[in-house]
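A short worksheet on the structure shown next.
The values are calculated or read from the model by the stated rules, or taken from the named source; none is laboratory data. It should be emphasised that the depicted structure is a prediction, and the values quoted were computed from it without experimental measurement. Here the Cβ is made from the backbone with ideal geometry for all residues, glycine too, and neighbour counts use every protein chain on show.
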Amino acid sequence: MKVILAKTAGFCFGVQRAVDTVYQELSRQDGGPIYTYGPIIHNEEVIKDMKKHGAVVLRSEEELDAVTDGTVIIRSHGVEKRIYDKLEEKHVSIVDATCPYVKKIHKIVQKESSLGNAVIIVGNPKHPEVQGIRGWAGKEAAIVQNAEDIEKLSIKNDKKVCVVAQTTFNYKKFQDLVEIIREKSYDIIVLNTICNATKERQTEARRIAEEADAMIVIGDKHSSNTQKLFEICAKACDDTYYIQTLDDLNWNQLGSVETVGITAGASTPNKIIEEVQKMSELSFEQMLDESFKTIHNGEVVEGTVIDVKPDEIILNIGYKADGIITKNEYSNDSSLDLTTVVSVGDAMTVKVLKVNDGEGQVLLTYKRLAAEKSNERLKEAFENKEVLKATVTQILGGGLCAEVEGVRVFIPASLVSDSYEKDLSKYDGKEIEFVISEFNPRRNRVIGDRRQLLVAERAEKQRELFARLQVGDTIEGVVKNVTDFGAFVDLGGVDGLLHISEMSWGRVENPKKVFKVGDNLKVLVKDINDTKVALSLKFPETNPWAHASEDFAVGSVITGRVARMTDFGAFVELAPGVDALLHVSQISRAHVDKPSDVLSIGQEIQAKIVDLNEADKKISLSMKAIEMAEPADAQ
């Protein structure tokens, strides 16, 4: 009888770290007591062993209040912020064994709450992890675990809402609840804080349960992630059993099954898992005669290579006849020499095509099983909207091609970027991220989408930038595009407009002669309106009118350049952004009909400042006044 043990069964990273932390502290104790605030993990067998070694479990705040010395270890599920504050006031030694993934959620909700945003926690309100998260998110944070809870929400629609999840929450259920929350028209940001290890554990458990005749789920009865594993397996396999130790298993119930699957929660020690696996294998060997293995067409079997030739592989599959894999059933490469890729003694997982190929041998396939596994992998990625990474293998006129575990994924040009890409050749050979937006293996059609990831990333950067950006800030950016009316500057997820009128205190005739794409600029935030940012290079400290009374004092003689002319006079640029009027009557003592009769654009002249109006930013000049003063100066 076949036993399938989940590779992800047993302690996850966070649990292992917490358990190791306790035993390390117990081994180092110098006479002071070692406490854990709450059970360090949800497994009574582990807690009993820790107590034997001297650990004391504090199960309430009243018990914590009685602690006066020693070391308190924070449980892996984490605690509220006020517990940390209380411990610091007691001046005891604190060792934080909170799972890093849970700690990350604490930081997220604390930040969002401080910004005035509402927080929704998707999870079990009675679970210590969820209670701890709420303690960092503020009293107004809402906890939901079903559609009914969402209907009761009373968050104002003008508030931004941040949605997080308990690390062990069911991923599919989380997605469903998020969609219901979206229907309430909140302005939400969704952060999938479900631990990736939890997701992998649940996915593998479901796959094994679908294949097995019976399923054993091992874990503490109070463990949230084990309870969810049991729910997932029970939906896929009718004969699913939830046990805490080997003693809880009724062997008579498993007497007639052919395949049994075993998985375990994140708080289950490997020792218990190994005991169940070992006893399962022994019991099945005792109950069923395995000396003559039976196989069927379509069955997946394990084999060991006993001989390999350039065009075929022979395997021992534990059957009365050996199995044969032809070159065509190993690879699509007709030029491949099988002796270069397979060696005697190699273990292989293959699929039975024919139990008897006509010559008493079993015909096997390696290629088709690999394709099925790859399609299954992509199907899961499609259903879970998982972000995949792959290298671009081909550039086509209509898009890109990438390969994921042997399956070709096509990414149309319209889904490659969040902006128009004329030349896709820059992606050749590069690793990119995308999600599967369409999956149809029967039509050999697998479509990838990179655009939605970039849009989401840009939206997140935009949200972060607008949360901290204020009018009057100075910020660095890169010129993204230049037009006749201004330049668009990338501020890091948000484009700001630097209008032609804000490019200089002086006059700019053509922005394209001043800026080019890729230029780095330090700009001033002039205005923020919804999602639009107006920029300026007219910094107050560079305003040429700031010291006009000193720089352009009445009576002083100044040199300027003729910028433009009218019939009544010429405008002379004294400094960038400062033009003065030289009236036609003040050009010369001699009569001048039009300024253009004696002056030209760009000509440098000397004139006397005869009037300054700082309020209206007007300056009047006179060349005639200098001429009239010359005879007196000459004397």
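Looking at segment 457-505, which of its residues are of a type in the set (A, V, I, L, M) and either touching a Gly at 6+ places or on another chain (Cβ under 6 Å) or closer than 10 Å to Leu535 by Cβ (or both)? Answer for segment 457-505, where residues must be of a type in the set (A, V, I, L, M) and either touching a Gly at 6+ places or on another chain (Cβ under 6 Å) or closer than 10 Å to Leu535 by Cβ (or both): Leu465, Ile475, Ala487, Val489, Leu491, Leu497, Leu498, Ile500, Met503.
Among the residues of segment 300-318, write down those that are buried (at least 18 other Cβ atoms within 10 Å of the Cβ) and either of a type outside the set (Val, Ile, Thr) or more than 14 Å from Thr365 (Cα to Cα) (or both). Across segment 300-318, the qualifying residues are Gly303, Val308, Leu315. Among the residues of segment 386-409, is there at least one that is outside any strand (DSSP E or B), free of Cβ contacts under 8 Å to residues at least 40 places away in the same chain, under 30 Å from Tyr330 (Cβ atoms) and not acidic (Asp, Glu)? Yes, the conditions are met somewhere in segment 386-409.
Close contacts from segment 122-150, counting a first residue that is closer than 12 Å to His77 by Cα and a second that is part of a helix (DSSP H, G or I), with Cβ to Cβ under 7 Å and a gap of 6+ residues or different chains, come to His127/Ser224; Glu129/Val102; Ile133/Ile105; Ile133/His106; Ile133/Val109. Please specify each residue of segment 410-435 satisfying the condition of being farther than 12 Å from Ala390 by Cα and in contact (Cβ under 8 Å) with a residue 12 or more places away in the chain. Answer for segment 410-435, where residues must be farther than 12 Å from Ala390 by Cα and in contact (Cβ under 8 Å) with a residue 12 or more places away in the chain: Pro412, Ala413, Ser414, Leu415, Val416, Ser417, Asp418, Leu424, Ser425.
Is there a residue in segment 371-385 that is at pLDDT 90 or above, under 39 Å from the mean Cα position of the chain (by Cα) and part of a loop (DSSP other than H, G, I, E, B)? Yes, segment 371-385 contains at least one residue that is at pLDDT 90 or above, under 39 Å from the mean Cα position of the chain (by Cα) and part of a loop (DSSP other than H, G, I, E, B). Of all residues in segment 63-118, those that are among the acidic types (Asp, Glu), in a helix (DSSP H, G or I) and within 24 Å of Cys162 (Cβ to Cβ) total 2. Residues of segment 572-586 that are within 57 Å of the chain's Cα centre (by Cα) and under 19 Å from Asn613 (Cβ atoms): Val572, Glu573, Leu574, Ala575, Gly577, Val578, Asp579, Ala580. Only one entry in Gly496, Gly506 is out of contact with any Leu (no Cβ under 9 Å at 6 or more places or on another chain) and under 23 Å from Asn543 (Cβ atoms), namely Gly506. Just one of the listed residues (Lys156, Lys172, Lys160) is among the basic types (Lys, Arg), closer than 17 Å to Glu460 by Cβ and either surrounded by fewer than 22 Cβ atoms within 10 Å (Cβ to Cβ) or modelled with pLDDT of 90 or more (or both), namely Lys160. Taking the criterion of being over 25 Å from Pro100 (Cα atoms) and of a type outside the set (Lys, Arg), the residues of segment 178-206 that qualify are Glu179, Ile180, Ile181, Glu183, Ser185, Tyr186, Asp187.
Scanning segment 501-518 for residues that are free of Cβ contacts under 8 Å to residues at least 40 places away in the same chain and not hydrophobic (A, V, I, L, M, F, W, C), which turns out nearest to Val572 (Cα to Cα)? Among residues in segment 501-518 that are free of Cβ contacts under 8 Å to residues at least 40 places away in the same chain and not hydrophobic (A, V, I, L, M, F, W, C), the one nearest to Val572 (Cα to Cα) is Glu509.
Residue count for segment 260-292 satisfying the condition of being at pLDDT 80 or above, touching a helix residue (DSSP H, G or I) at 6+ places or on another chain (Cβ under 9 Å) and loosely packed, with under 15 Cβ neighbours inside 10 Å: 1. Restricting attention to segment 413-461 and to residues that are in a helix (DSSP H, G or I) and charged (D, E, K, R), the residue that is surrounded by the most Cβ atoms within 10 Å (Cβ to Cβ) turns out to be Arg451.
Scan segment 438-466 for residues that are under 19 Å from the mean Cα position of the chain (by Cα) and without any contact (Cβ under 8 Å) to a residue 40 or more places away in the chain and the total you get is 12.
Each residue in segment 310-339 was checked for being assigned to a strand (DSSP E or B) and hydrophobic (A, V, I, L, M, F, W, C), and 5 pass. Within segment 178-197, the presence of at least one residue that is surrounded by fewer than 16 Cβ atoms within 10 Å (Cβ to Cβ), free of Cβ contacts under 8 Å to residues at least 24 places away in the same chain and closer than 26 Å to Thr8 by Cα is confirmed.
Restricting attention to segment 40-61, the residues that are at pLDDT 90 or above, closer than 14 Å to Lys90 by Cβ and assigned to a helix (DSSP H, G or I) total 0. Scan segment 469-500 for residues that are part of a loop (DSSP other than H, G, I, E, B) and either within 22 Å of Ala575 (Cα to Cα) or of a type in the set (A, V, I, L, M) (or both) and jot them down. Within segment 469-500, Leu469, Val471, Leu491, Val494 qualify.
One residue stands out among those in segment 207-226 that are surrounded by 19 or more Cβ atoms within 10 Å (Cβ to Cβ) and either free of Cβ contacts under 8 Å to residues at least 60 places away in the same chain or in a helix (DSSP H, G or I) (or both): the one that is farthest from the chain's Cα centre (by Cα), which is Ala214. Of the numbered criteria (1) over 30 Å from Ile475 (Cβ atoms); (2) assigned to a loop (DSSP other than H, G, I, E, B), the one Ser549 fails is (2). For segment 484-539, filtered to residues that are surrounded by 15 or more Cβ atoms within 10 Å (Cβ to Cβ) and of a type in the set (Phe, Trp, Tyr), the residue that is farthest from Arg564 (Cα to Cα) is Phe488. Within the set Leu353, Leu363, the sole residue that is farther than 30 Å from Thr203 by Cα, outside any loop (DSSP other than H, G, I, E, B) and over 28 Å from the mean Cα position of the chain (by Cα) turns out to be Leu363.
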